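Reviewing the structure listed below.
The values are calculated or read from the model by the stated rules, or taken from the named source; none is laboratory data. Note that the structure is predicted; figures quoted are calculated from it, not measured. Heads up, the Cβs are rebuilt from the backbone with ideal geometry, glycines too, and the neighbour counts pull from every protein chain shown.
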Amino acid sequence: MNTPQTPAGWYPDPENPSRQRYWDGASWTDQLSDAAQTPPSDAPPEPAAAPGPAPPMPPVGHEPAVAPGPAPPMPPAGGEMPAKKGRSPLKIILAIVGGLLALLILIIVAVALFAPTTIDGDKLEGKIQDGIEADGAKVESVECPDGEEAKKDVKFDCDVTLEGGVKATASVTVLNEDGDVNYQVQ
């Protein structure tokens, strides 16, 4: 069976009906013209027109016998080309989540790098207890505040309870930003 071939000529552009595109008889060309204007003079000449109505647009799925290959894109029955696919909602969501995750990592790194160093209260309590007991006294408990800044010359007190409930105070002075301290029990 022979499929009739659509002749070369200017037809409504399947991608934009407000302009015309040149059909060379086998495929759409890159030559465009506004529908209200006469096609460009440097365009390939139209074949001699047979009397009667303008030739129809090539049918959807038409594959000319001259040059096998895919048919030019044609609008559906409603006359509009389907919208071109952009980014899917999943890709957009993944991009947003990835950006937020990167921002969170940057914030954590910045806090870790620029947050002030603090004195470990539990470690300091053990150091004070060991020092007092090395001098021969028995210690029931040592209570130091947590989160004191490790900055030179910062001073704070720790509460010491010796054997028999005797109360004492360990006056602590921070020596440097590394958290080294000096203390004196009174």
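Going through Gly69, Gly79 one at a time, which residue ends up being in contact with an Asp or Glu (Cβ under 9 Å, 6 or more places away or on another chain), modelled with pLDDT under 60 and not in a helix (DSSP H, G or I)?
Values: Gly79 fails: in contact with an Asp or Glu (Cβ under 9 Å, 6 or more places away or on another chain).
Only one candidate passes the filter, namely Gly69.
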Selected residue (only one of Glu143, Glu177, Glu149 is of a type in the set (D, E, K, R), in contact with a Lys or Arg (Cβ under 7 Å, 6 or more places away or on another chain) and under 18 Å from Gly121 (Cβ atoms))
Glu177
The stretch 142-169, subset over 52 Å from the mean Cα position of the chain (by Cα) and either assigned to a strand (DSSP E or B) or small (Gly, Ala, Ser) (or both), residue nearest to Gln184 (Cα to Cα):
Thr169
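Kindly indicate whether any position in the stretch 88-103 is over 30 Å from Lys152 (Cα atoms), at pLDDT 55 or above and part of a loop (DSSP other than H, G, I, E, B).
Let us first name the residues in the stretch 88-103 that are over 30 Å from Lys152 (Cα atoms), namely 88-103.
Those left that are additionally at pLDDT 55 or above: 88-103.
Next, from what is left, pick out any that are part of a loop (DSSP other than H, G, I, E, B): 88.
Yes, the conditions are met somewhere in the stretch 88-103.
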